[in-house]
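Contents: one structure, followed by commentary.
The values are calculated or read from the model by the stated rules, or taken from the named source; none is laboratory data. Predicted, not measured: the structure shown is a model, and the values here were computed from it. Glycine also receives a Cβ, built like all others from the backbone with ideal geometry; neighbour counts cover every protein chain displayed.
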Amino acid sequence: MILGFLGADFFVARTAFVLALISVIWTLAGFRVVKSLAFPLFLLLFMIRIPLFLYQQMTFPLQLLASKLAAGSLEVLNLPVLRDGNILELPTQKLQVIEACSGIRSLLSLSFLSLAYSYMFDKRVWMRPVLFVATIPIAILANALRITITGVISEYKPEWAEGFFHTFEGWLLFMVALVSLVVCHSLISRFMRPSHV
C-alpha cells in the first residue's frame, strides 16, 4: 500500500488497502467473520478507481453508443440531426458527447447500488448478478435519454446545454435509472415467484 502511494499508483494502493483490511479482520476475528462479511468487503472494491488505460477503453465505445442512440431518438422526434462519431450536428448547433458524458460514472454508481440494494432487500443470492447485469442497459438508455433531452432543449435554450441545468438533468436521470432498477427488481420477483398448487 505504501509503495503504491509512493509510486503514485493509486489503483495498487487502494487495492492493497482492501486486502490489508481483510487480513486484519481475518487475524483478529478469524475466517468465519471474514466469510460472513465477504459480500460487504467485496463492495469495497467499488471505491477503487478503474485503471486509466482500462477506463479510456470503456468510455469511448460508450460515447459512440450514447451518441448513436441519442441521434436515433432525435430523428424519431423529427429533429434533424447528423451524427459524426460522438458529435451531433443539430440545426443550430453541435453537441459533443465528451468523455464525461459517456455514462461510465453513472454505470459504475448504479452497479454498486444494485448490489447493495439486492443485498439488503432480497435474500436470494442469484438476484445480485441479475440486477447487476440489468444496470447495464438501464444506465446506457438513461444516458442516451439525457443526451436526447439536452439536444431538444438546447435548440430552444442553448445555455441550458451546460451549467446548472445540465448537472441537474444528470442527477434527475440518474434517479430515473435508480427507480427503473427498483421496478425491474419488482418485475423479476413477480415473475420468478413460485406458483402454489
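Give the residue, chosen from Ser23, Ser114, that is assigned by TED's automatic domain parsing to the domain that holds Ala139, over 16 Å from Ser154 (Cβ atoms) and assigned to a helix (DSSP H, G or I). Break it down into steps so the answer makes sense when it comes.
Working: Ser23 fails: assigned by TED's automatic domain parsing to the domain that holds Ala139.
Answer to the selection: Ser114.
Tell me, please, whether a residue that is loosely packed, with under 12 Cβ neighbours inside 10 Å, at pLDDT below 90 and of a type outside the set (Phe, Trp, Tyr) can be found in the stretch 104-119. Outline the logic, then answer.
Taking the stretch 104-119 as the starting set, the residues that turn out to be loosely packed, with under 12 Cβ neighbours inside 10 Å are none.
Looking for residues that are loosely packed, with under 12 Cβ neighbours inside 10 Å, at pLDDT below 90 and of a type outside the set (Phe, Trp, Tyr), one finds none in the stretch 104-119, hence no.
Could you figure out which of (1) among the aliphatic types (A, V, I, L, M); (2) loosely packed, with under 13 Cβ neighbours inside 10 Å; (3) assigned to a loop (DSSP other than H, G, I, E, B) isn't true of Leu45?
Of the numbered conditions (1) among the aliphatic types (A, V, I, L, M); (2) loosely packed, with under 13 Cβ neighbours inside 10 Å; (3) assigned to a loop (DSSP other than H, G, I, E, B), the odd one out for Leu45 is (3).
Suppose we filter Leu28, Leu52, Leu37 for residues that are surrounded by 11 or more Cβ atoms within 10 Å (Cβ to Cβ) and not polar (S, T, N, Q); which single one remains? Let's see the steps before the verdict.
On the way: Leu28 fails: surrounded by 11 or more Cβ atoms within 10 Å (Cβ to Cβ); Leu52 fails: surrounded by 11 or more Cβ atoms within 10 Å (Cβ to Cβ).
Just a single option satisfies the conditions, and that option is Leu37.
Give me the pairs: first residue in the stretch 128-139 and crowded, with 20+ Cβ neighbours inside 10 Å, second residue of a type in the set (Ser, Thr, Tyr), beta-carbon distance under 6 Å, and six or more apart or on different chains, which are they?
Leu131/Ser114; Leu131/Ser118; Thr135/Ser111; Thr135/Ser114; Ile138/Ser180; Ala139/Ser106
In the stretch 58-89, how many residues are surrounded by fewer than 17 Cβ atoms within 10 Å (Cβ to Cβ) and of a type outside the set (D, E, K, R)? Before the answer, list the steps.
Of the stretch 58-89, the ones surrounded by fewer than 17 Cβ atoms within 10 Å (Cβ to Cβ) are 58, 60-61, 64, 68, 72, 75-80, 82, 84-85, 87, 89.
Retained after the next criterion (residues that are of a type outside the set (D, E, K, R)): 58, 60-61, 64, 72, 76-80, 82, 85, 87.
Residues meeting the conditions: 13.
Inside the stretch 73-96, can you point out the residues that are part of a strand (DSSP E or B) and either in contact (Cβ under 8 Å) with a residue 24 or more places away in the chain or over 17 Å from Asn143 (Cα atoms) (or both)? I'd like the intermediate steps shown before the answer.
Here is the first cut: in the stretch 73-96, the residues part of a strand (DSSP E or B) are 82-84, 87-89, 94-96.
Answer for the stretch 73-96, where residues must be part of a strand (DSSP E or B) and either in contact (Cβ under 8 Å) with a residue 24 or more places away in the chain or over 17 Å from Asn143 (Cα atoms) (or both): Leu82, Asp84, Leu88, Glu89, Lys94, Leu95.
Residue by residue through the stretch 174-190, note down the ones that are without any contact (Cβ under 8 Å) to a residue 60 or more places away in the chain and among the hydrophobic types (A, V, I, L, M, F, W, C).
Matches in the stretch 174-190: Met175, Val176, Val179, Val183, Cys184, Leu187.
Please enumerate the residues belonging to the stretch 153-193 that are of a type in the set (A, V, I, L, M) and part of a loop (DSSP other than H, G, I, E, B). Reasoning before the result, please.
Filtering the stretch 153-193 down to residues of a type in the set (A, V, I, L, M) leaves 153, 161, 172-173, 175-179, 181-183, 187-188, 192.
Within the stretch 153-193, Met192 is the sole residue that qualifies.
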